[in-house]
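**Student:** Take a look at this one; I'll ask things after.
Just so it is clear, none of the values below were taken in a lab; they were calculated from the coordinates. Since we're looking at a predicted model, the values are computed, not measured. Every residue, glycine as well, gets a Cβ built from its backbone with ideal geometry; the counts of neighbours run over all protein chains shown.
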Ligand SMILES: CC(C)(COP(=O)(O)OP(=O)(O)OC[C@H]1O[C@@H](n2cnc3c(N)ncnc32)[C@H](O)[C@@H]1OP(=O)(O)O)[C@@H](O)C(=O)NCCC(=O)NCCS
């Protein structure tokens, strides 16, 4: 442990002096990027790769992630084979959520499942999507805790781009593409390419072969 800390200190000092050197060379108009002027995150990552202690910690965190994914899958209403969940993902009301075989869900996706969410097979849900089958009833006051819900159905072979929101009661047909940053307020027909706020069909998907 002591030798590890010593090596970290040594590397940090070399990086500091390297950084000073790179500043000087930059001032001299030298555009070659020095290894030592890498941002601290990269230096830290390199140190992490080299230390046996750090390797062990990384292995442990991977094991924990595997366990978290297994637990999350087990809480779903149904989870098909070969589903990939890239943490962090939040699935509220997981017992009302179905995810079909081979579907991949990227990090930072948030699903509110209490009104039932069905996601088909071979789907891709890109990062930062919000899929909500629940909304607040703003006709009552206070509206906190007062919710209404409607099921969401996402067909097979659907690709939902990054940063999309899918609202309650919406159905997205088989083979549809939803462009990045879209808000899906109404049904999207099968094999269409839709995007925008709100998402509207722009064209049909042409499949080769
Ligand atoms: C929807 C999408 C698949 C369309 O791809 P495409 O058919 O190649 O579309 P194009 O790039 O030819 O764009 C056509 C027009 O639509 C616009 N457009 C494309 N995607 C858009 C989107 N998501 N939102 C708003 N406008 C969009 C383009 O600006 C272009 O407009 P113009 O004709 O006025 O120039 C793609 O743009 C997209 O959003 N992909 C998602 C990427 C993603 O989220 N990746 C995460 C990792 S999987």
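**Student:** Convex hull over the alpha-carbon atoms of segment 138-196: what's its volume per residue in Å³? Could the numbers behind the result be given before it?
**Tutor:** Numbers: hull volume 5.3 nm³, N = 59.
Cα-based convex hull of segment 138-196, divided per residue, equals 89 Å³.
**Student:** Another question, then. How much length, in nm to one decimal, is gained on full extension between residue 77 and residue 60, taken as 0.36 nm per residue of separation minus their Cα-Cα distance? Provide the component values of the computation, followed by the final result.
**Tutor:** On the way: separation 17, 0.36 × 17 = 6.12 nm, distance 2.85 nm.
Between residue 77 and residue 60, full extension yields an extra 3.3 nm.
**Student:** Sorted by average packing, counted as other Cβ atoms within 10 angstrom per residue and highest first, what order do 161-168, 192-199 take?
**Tutor:** Details: 161-168: 19.8, 192-199: 18.0.
Top of the packing list down: 161-168, 192-199.
**Student:** Relative to the compact globular guide of 2.2 N^0.38 Å, what is the alpha carbon radius of gyration of segment 63-204, as a ratio? All intermediate terms of the calculation are to be shown ahead of the outcome.
**Tutor:** Working: Rg = 14.7 Å, N = 142, 2.2 N^0.38 = 14.5 Å.
So the Cα radius of gyration is 1.01 times the expected 2.2 N^0.38 Å.
**Student:** Give the average over all directions of the projected area of the C-alpha convex hull of segment 86-169, one decimal, in nm². Mind showing how you got there, number by number?
**Tutor:** Working: hull surface 20.8 nm².
For the Cα atoms of segment 86-169, the hull's average projected area reads 5.2 nm².
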